[in-house]
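What follows is a single structure, written as structure tokens, with notes after it.
The values are calculated or read from the model by the stated rules, or taken from the named source; none is laboratory data. What you see is a predicted model; the values in this text were computed from it and never measured. Cβ placement follows ideal geometry from the backbone for every residue including glycine, while neighbour counts extend to all protein chains displayed. Ligands, DNA and RNA are excluded from the accessible area calculation, which covers all protein heavy atoms including side chains. Shrake-Rupley method; radii C 1.70, N 1.55, O 1.52, S 1.80 Å.
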Amino acid sequence: MYIDFKHANGVSFLMQCCSDNEDLFEGYDSIVGDSSFLAKLEDVELQMRQCHDQQTPNACEDDLSDSILAEDFRDSPPRALPSSPLEFQKAVTTPHKSPSRSAHNTSTPDLMNPRRSMKDHLKKVLIDNAATSSTVSKTVQQKEAVMTEEISFAMQAMESISAEQDLGPFFGLPSKVKDLILILKGIQDLYEWQKTCLSLDSVQQRRNLIYSLPTSGGKTLVAEILIFKELLCSKKDALLILPYISLVQEKLHMLGDGSRGAILEMTLSKILYMSKSTQIIGMSATLGNVGDLQTFMKAENYTNDFRPVELKEYVKIKDSIYEVDPREETCFSFSRLLDFKYSSGMQKMDPDRIIALATEVIPHQSCLIFCATKKNCENLAGMICKYLNKEFLKHKEAEKATLLGELKNSGNGSLCPVLQKTVPFGLAYHHSGLTSDERKLVEEAYSSGVLCLLTCTSTLAAGINLPARRVILRSPYVAAEFLKRSQYKQMVGRAGRAGIDAMGESILILQDKDINMLLSAPMEKCYSNLLHDGGRGLLSLVLSLIGLKITTTVEQVRDFMKGTLLSVQEAQVSPEKSLWDLTVESIETLKQKSLIEVSADVNSQTILQITRLGRATFKGSVDLSCCDLLYRDLSKGLEGLLLNSFLHLVYLVTPYDMVHQYKTDWMIYFRQFTNLSAAEQKMATAVGVPESFVARMAAGQSVRKSVDIVVVNRLYLALVLYSLLKETNLWNVSDRFQLTRGFVQTLLSSASAFGSAVLHFTEELEEFWAYKALLSELTRRLTYCVQAELIPLMEVAGVMEHRAKQLYNAGYKTLAHLANGDPQILVQTIENLFKRQANQIIASAKMLKKEKAEALQEEVDDLFMLPSDLPSL
């Protein structure tokens with residue numbers, strides 16, 4: 001297991017997993033596709049095309065991939081079904097010849113192995129997917145396909161080389177892995193620290209390890225090599241755990257980061273308790289108390305201060321720039337005066353001299369400016385453009401025009417007025433107020449040099465790998481909080497692009513009052529978060545231990561707790577109560593919530609068992625703070641469930657944890673309420689929000705009768721989601737409710753996830769049988785939030801809503817239409833669709849069609865399988 005510690009107070013883990021028969025998560029599997037091999041992918045495509053045109057097929061295969069990726073994706077006829085289970089069983093048990101590689105006469109699972117393990121099935125799908133197309137376009141939607149390509153190289157090497165512990169000269173791996181890194185990453189050789197780390201005894205002997213280096217030091221590549229080694233040499237699975245959704249999409253949980261840290265500590269503690277053969281490797285940029293983590297993980301530690309590009313840190317105080325120099329008594333040494341001619345108007349608008357600092361590097365080099373708030377980001381980008389030379393408009397003018405068109409298409413014809421003004425100058429803002437499509441477009445444009453400057457919030461430093469020649473920190477604050485040392489290190493760590501810049505610069509703008517605070521800022525430490533937010537993590541841990549039957553007695557729970565990070569840090573984290581007292585309190589709380597029950601066995605030993613409600617809670621991953629509330633809401637809903645509208649169901653899957661993340665506009669609330677049908681208004685009254693209450697609040701009148709504000713706010717968010725489902729235009733809905741489009745999209749994705757959780761919750765409780773089919777369809781609608789007829793097209797990688805509408809209107813109305821489409825006809829039919837994109841869409845549709853067909857074929861195989869316990873004479 002591999003963990004990437006991206007903050008001083010955080011850890012994310014890369015896990016080399018245990019054997020196939022050790023299931024720590026019962027029936028739930030989570031597979032994260034990670035890929036960062038995009039920089040040279042276009043060169044690979046070109047090379048493959050040239051190879052195909054100029055060489056024989058065999059030569060092409062030897063040069064690139066031993067033909068695994070060069071094979072055409074060919075449709076195959078359905079396999080003839082056996083006439084009876086006995087005939088099927090005969091086919092299973094009778095040896096048969098494998099078809100030649102050129103035949104391609106079946107896409108069904110191997111009859112000799114009808115009940116393959118999940119690992120084997122995954123590997124087969126990965127290999128099959130890799131064989132579906134000889135070209136892969138460079139887009140974020142196809143990162144899964146890129147990872148498939150990587151795995152296919154390694155898997156073919158594993159099949160062609162004898163199964164030994166040492167498969168080749170590249171740190172025990174085949175030389176093909178090294179070739180793969182060169183082809184897709186352009187890396188000819190590893191850094192010395194990487195070679196040292198990969199040669200450590202702890203790595204060779206599969207012991208736990210924590211290695212830490214500064215940001216951009218090359219930690220991820222080591223993890224990727226170790227994953228390949230685990231797959232090929234040890235022939236075991238590997239799990240990569242990252243702290244942010246943005247990092248998972250980029251390819252990054254952290255132990256010291258609230259609920260994320262609690263989830264990670266629970267996962268690691270279970271693995272350490274249950275599996276002695278699992279290797280856990282942690283990666284970190286900076287750590288203040290690595291000793292505690294070593295004790296918890298039973299791990300060794302490797303550290304290095306290597307950076308591929310020299311980083312020079314500066315601070316700006318008034319018009320003077322000082323270099324950060326720990327050798328000086330004040331930690332600063334004078335560097336230069338900032339020389340830039342400012343008009344009186346510019347001085348008022350830009351007192352921090354941001355324009356002067358930025359224009360020293362842009363447009364030919366890149367710059368990131370970190371701001372304290374989202375509004376600061378937008379205002380600053382607009383202000384800089386106001387004073388930039390008009391020559392900036394000519395730099396990559398055509399590419400910027402294309403970007404504006406793509407942004408407009410992503411918004412169904414709507415375009416952010418700030419971006420409309422800033423993009424022509426090569427500037428943009430980046431924060432959570434953007435939709436995911438907008439963020440992807442901005443990130444790609446910045447990476448390719450179309451945009452030269454981004455104003456952004458601190459989350460970009462932790463979430464996205466976007467380096468810059470110069471990083472500017474507008475202030476040492478994140479919102480109202482003074483900058484933590486780890487946050488500062490992450491931000492300045494983005495300065496310097498390996499392979500492009502000889503050095504990177506960071507400039508922190510300081511006021512006199514902030515100097516001492518910065519100098520005295522300590523290195524943060526990583527602490528257990530099981531007690532975060534009233535001990536919710538500890539409650540969830542105990543419940544899952546009992547639900548998974550990892551522990552069944554109080555004594556076993558106590559033994560388990562001794563292996564947690566909380567146990568290591570008991571004196572610091574909980575000086576007033578012992579861990580045992582906290583554990584007993586958690587067990588009592590779970591009993592009071594009717595999530596577990598206590599009984600005694602024949603030896604009078606106390607046995608802990610999970611209740612139906614408890615099982616539903618942990619199977620659905622429902623937060624313990626709202627599981628009883630959810631049960632009451634679902635029960636009450638059955639008394640008068642509104643079925644001629646989605647509103648009631650949408651209300652039931654509106655996340656409880658988002659009700660305090662916005663400010664209600666009562667006039668908007670009243671207008672939207674009055675637009676509801678009579679049945680919908682009756683439903684609103686039934687859940688606890690009568691029209692009279694909303695009307696009084698909109699009029700500014702006092703309300704005598706008390707109402708539950710959580711219910712009121714939750715219904716308001718349900719109205720937002722309901723509007724989205726009806727018209728699917730995120731821009732219109734965000735304008736109507738005066739919410740940022742990023743918040744609306746986050747609400748939508750959270751509702752989709754919570755809807756899935758509620759679905760699993762109801763599946764464990766017979767009294768909620770009526771919800772199963774209803775919630776299944778609703779969750780599907782929330783996941784895509786488009787017109788129902790577009791959903792099959794949206795399932796194809798690379799097809800967003802605007803493109804799906806284009807395809808549907810052009811006659812490509814189903815997955816089969818796309819999978820059998822002609823790229824040339826697509827290009828001629830669909831506006832602004834390039835040949836490469838058309839190839840990608842068709843290849844993705846073929847992959848998806850094949851996966852669906854194989855899933856159906858497995859169901860057929862199961863139906864025709866002779867039961868092993870069939871009664872006989």
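Can you say whether residue 675 is in the same structural domain as residue 719 (by the TED database) and either in contact with a strand residue (DSSP E or B) (Cβ under 7 Å, 6 or more places away or on another chain) or modelled with pLDDT under 90 (or both), as far as the supplied structure shows?
Details: in the same structural domain as residue 719 (by the TED database): yes; either in contact with a strand residue (DSSP E or B) (Cβ under 7 Å, 6 or more places away or on another chain) or modelled with pLDDT under 90 (or both): no.
Spelling it out, it is not the case that residue 675 is in the same structural domain as residue 719 (by the TED database) and either in contact with a strand residue (DSSP E or B) (Cβ under 7 Å, 6 or more places away or on another chain) or modelled with pLDDT under 90 (or both).
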Exercise for review: For region 546-573, enumerate the residues that are over 31 Å from the mean Cα position of the chain (by Cα), within 15 Å of residue 586 (Cα to Cα) and hydrophobic (A, V, I, L, M, F, W, C).
Suggested key: 554, 557
Study note, to complete from the structure: The number of residues in region 687-717 that are open to solvent by less than 20 Å² (accessible area, probe 1.4 Å) and not charged (D, E, K, R) is 8
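For region 689-709, enumerate the residues that are assigned to a helix (DSSP H, G or I) and within 39 Å of the chain's Cα centre (by Cα).
Filtering region 689-709 down to residues assigned to a helix (DSSP H, G or I) leaves 691-698, 709.
Hits for region 689-709 are 694, 709.
Name the residue, out of 630, 613, that is buried (at least 17 other Cβ atoms within 10 Å of the Cβ) and farther than 22 Å from residue 781 by Cα. Even if it seems obvious, please write down each step before you answer.
On the way: 630 fails: farther than 22 Å from residue 781 by Cα.
Step by step, each of 630, 613 is checked, and only 613 is buried (at least 17 other Cβ atoms within 10 Å of the Cβ) and farther than 22 Å from residue 781 by Cα.
One line per residue, one yes/no per condition, for (1) out of contact with any Cys (no Cβ under 7 Å at 6 or more places or on another chain); (2) more than 20 Å from residue 447 (Cβ to Cβ); (3) assigned to a loop (DSSP other than H, G, I, E, B):
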site: 406; (1), (2), (3): yes, no, no
site: 412; (1), (2), (3): yes, yes, yes
site: 415; (1), (2), (3): yes, yes, yes
site: 419; (1), (2), (3): yes, no, no
site: 429; (1), (2), (3): no, no, no
Practice item. Please work out which one of (1) more than 12 Å from residue 216 (Cα to Cα); (2) at pLDDT below 85; (3) crowded, with 19+ Cβ neighbours inside 10 Å is the condition residue 288 fails and give its number. Key: (3)
Review point. Do we find that residue 571 is at pLDDT 90 or above, open to solvent by 70 Å² or more (accessible area, probe 1.4 Å) and of a type in the set (Gly, Ala, Ser) in this structure?
Key: yes
Study note, to complete from the structure: Going through region 472-520 in order, the residues found to be loosely packed, with under 12 Cβ neighbours inside 10 Å and either part of a helix (DSSP H, G or I) or among the hydroxyl-bearing types (Ser, Thr, Tyr) (or both) are 512, 513, 516, 519, 520
Review point. Of all strands (runs of 3 or more DSSP E) completely enclosed by region 265-366, which ones contain at least 1 residues that are among the hydrophobic types (A, V, I, L, M, F, W, C)?
Key: 279-284, 310-317, 320-324, 332-337
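Which one of 229, 235 is surrounded by fewer than 21 Cβ atoms within 10 Å (Cβ to Cβ), within 30 Å of residue 263 (Cα to Cα) and at pLDDT below 90?
Working: 229 fails: surrounded by fewer than 21 Cβ atoms within 10 Å (Cβ to Cβ).
Among 229, 235, only 235 is surrounded by fewer than 21 Cβ atoms within 10 Å (Cβ to Cβ), within 30 Å of residue 263 (Cα to Cα) and at pLDDT below 90.
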Revision key, fill the gap. Per the list (1) in contact with a Leu (Cβ under 7 Å, 6 or more places away or on another chain); (2) open to solvent by less than 10 Å² (accessible area, probe 1.4 Å), residue check on residue 779 breaks on (2)
Revision key, fill the gap. In region 205-220, anything among the aliphatic types (A, V, I, L, M) and modelled with pLDDT of 90 or more is listed as 209, 210
Study note, to complete from the structure: When region 814-856 is checked residue by residue, the ones that are open to solvent by 40 Å² or more (accessible area, probe 1.4 Å), in a loop (DSSP other than H, G, I, E, B) and either closer than 20 Å to residue 409 by Cβ or acidic (Asp, Glu) (or both) are 822, 831, 832, 834
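For residues in region 861-873 being open to solvent by 40 Å² or more (accessible area, probe 1.4 Å) and either part of a helix (DSSP H, G or I) or of a type in the set (Val, Ile, Thr) (or both), which is farthest from residue 408 (Cα to Cα)? Walk me through how you get there before you give the answer.
Taking region 861-873 and keeping what is open to solvent by 40 Å² or more (accessible area, probe 1.4 Å), we get 862-864, 866-873.
Imposing the further condition that a residue be either part of a helix (DSSP H, G or I) or of a type in the set (Val, Ile, Thr) (or both) reduces the set to 862-864.
Values: 862: 48, 863: 49, 864: 52 Å.
If we take residues in region 861-873 being open to solvent by 40 Å² or more (accessible area, probe 1.4 Å) and either part of a helix (DSSP H, G or I) or of a type in the set (Val, Ile, Thr) (or both), then 864 is farthest from residue 408 (Cα to Cα).
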**Study point:** Any hit, region 532-545, residues being within 26 Å of the chain's Cα centre (by Cα) and not in a helix (DSSP H, G or I)
**Key:** no
Check your understanding: Among the residues of region 416-433, is there at least one that is at pLDDT below 90, within 25 Å of the chain's Cα centre (by Cα), in the same structural domain as residue 360 (by the TED database) and closer than 18 Å to residue 729 by Cβ?
Key -> yes
**Study point:** Where a residue in region 186-205 is under 20 Å from residue 280 (Cβ atoms) and its partner, wherever it lies, is open to solvent by 50 Å² or more (accessible area, probe 1.4 Å) and not in a loop (DSSP other than H, G, I, E, B), with Cβ under 7 Å and at least six apart
**Key:** 202/300
Practice item. State yes or no: is residue 730 crowded, with 18+ Cβ neighbours inside 10 Å and more than 30 Å from residue 611 (Cα to Cα)? Key: yes
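Please find, within region 367-380, the residue that is surrounded by the most Cβ atoms within 10 Å (Cβ to Cβ) out of those that are in a helix (DSSP H, G or I) and in contact with a helix residue (DSSP H, G or I) (Cβ under 8 Å, 6 or more places away or on another chain). Steps first, answer last, please.
Step one: filter region 367-380 for residues in a helix (DSSP H, G or I), giving 374-380.
Now restrict to residues that are in contact with a helix residue (DSSP H, G or I) (Cβ under 8 Å, 6 or more places away or on another chain): 378, 380.
Working: 378: 21, 380: 23.
Within region 367-380, the match that is surrounded by the most Cβ atoms within 10 Å (Cβ to Cβ) is 380.
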